[in-house]
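The values are calculated or read from the model by the stated rules, or taken from the named source; none is laboratory data. No experiment lies behind these values; they were computed from the predicted model shown. Cβ coordinates were reconstructed from backbone atoms using ideal geometry, including for glycine residues, and neighbour counts include every protein chain displayed. Protein only, heavy atoms only, side chains kept; ligands, DNA and RNA dropped before computing areas. Shrake-Rupley method; radii C 1.70, N 1.55, O 1.52, S 1.80 Å.
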Amino acid sequence: MSEKTLVEAIAYCDEPTALRLVKEALQSGVPPQEILAQCNQGMLELGNRFSRDECFLPDLMFGGMIMKNIMAELGPHLAKQAAGQAGTSRPKAVIGTVQHDVHDIGKDIVVMMLRGSGFDVVDLGVDVPPARFVEAIRQHQPCVVGMSLLLTTCYSSVTATVEAIRQAGLRDQVAIMVGGAAASELLAKNAGCDFYGKTAVDGLKFACQVAGITQPTSP
Ligand code: B12
């Protein structure tokens, strides 16, 4: 039987194979962003298996743990790559996963890439209520705010957060980006965000543009 691919190893929660394939890919010079794209594909397939009742909640949890262990390996390489492409100033960003959503793997990747590019990032964590975003913007004066969401049931959290920022009179001070598997151009537009980022790299590019620092290029 032929060996599993990285996508399959993640989709079927085979942690030893997944970790070995990531290490081998790094050693043979595969760009970290390409490895990350394969990992995302694997997580997507795991989610599809969950939707088809081929696996259950513990598998999703295990998949999340595998991805976190992979990120411990891959993260420094991604951050190094982003750092080589950044400017020298330290603009601020505030980021969190929206209220009622506890998915944090994608958000953590965005945080890591922003930090690697020299941003001073305030990570609010998961299940962040709109008021907490407002409070952090007041306190830290970021130029960019990022919201992550993986659950379509949390669209209203995005709208409520943008509205709370507007009500607090802070909307003109920050650029707002949204991302995560449940986000889309349409959601960004309807909720009044400035940008939808399909990937962490898109978010990084937008944040760099807002902060006026050298934009990362593709690997
Ligand atoms: C792992 C996982 C979990 C883990 C999360 C562990 C963790 N620490 O995050 C656990 C087990 C906790 C979990 C729980 C649940 N989950 Co879940 N989960 C997943 C799964 C399989 C992978 C998510 C993931 O980490 N992907 C990898 C990361 C890297 O991808 P990403 O987050 O999209 O991030 C990338 C980009 O989107 C972008 N990005 C992310 N955020 C941001 C932000 C900005 C600003 C920008 C610019 C970019 C950006 O950058 C990243 C890299 O490029 C997805 C499947 C899927 N299709 O996404 C289901 C999925 C999201 N879960 C789902 C569901 C239903 C649930 C539960 C409701 C299950 C239940 N019955 O309890 C709960 C909800 C808990 C809650 N209240 O939040 C559904 C959602 C369906 C929907 N339409 O809303 C999915 C799609 C599975 C499915 N197909 O059914 N889950």
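I'd like the residue in the range 43-57 that is at negative phi and more than 8 Å from the ligand (Cβ to nearest atom) and, out of all such residues, is least open to solvent (accessible area, probe 1.4 Å). Even if it seems obvious, please write down each step before you answer.
Taking the range 43-57 and keeping what is at negative phi, we get 43-52, 54-57.
Applying the additional criterion that residues be more than 8 Å from the ligand (Cβ to nearest atom) yields 45, 49, 52, 54-56.
Working: GLU45: 53, ARG49: 27, ARG52: 123, GLU54: 88, CYS55: 4, PHE56: 121 Å².
Per the stated criteria, the residue is CYS55.
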Picking from ILE95, ILE66, which residue would you name as being in contact with a Ser or Thr (Cβ under 9 Å, 6 or more places away or on another chain), outside any loop (DSSP other than H, G, I, E, B) and within 12 Å of the ligand (Cβ to nearest atom)?
ILE95
I'm checking my understanding of the structure. Among residues of the range 176-196 that are open to solvent by 40 Å² or more (accessible area, probe 1.4 Å) and assigned to a helix (DSSP H, G or I), which one is nearest to the ligand (Cβ to nearest atom)?
GLU185
Would you be able to tell me the number of residues in the range 117-151 that are farther than 12 Å from GLY179 by Cα and out of contact with any Pro (no Cβ under 9 Å at 6 or more places or on another chain)?
18
Quick count over the range 99-140, residues being over 14 Å from the mean Cα position of the chain (by Cα), not β-branched (Val, Ile, Thr) and not in a helix (DSSP H, G or I), is 8
Criterion (open to solvent by 10 Å² or more (accessible area, probe 1.4 Å) and in contact with a Lys or Arg (Cβ under 6 Å, 6 or more places away or on another chain)) met by exactly one of ASP104, ASP120
ASP120
Of THR161, THR199, which residue is under 19 Å from the mean Cα position of the chain (by Cα), open to solvent by less than 10 Å² (accessible area, probe 1.4 Å) and of a type in the set (S, T, N, Q)?
THR161
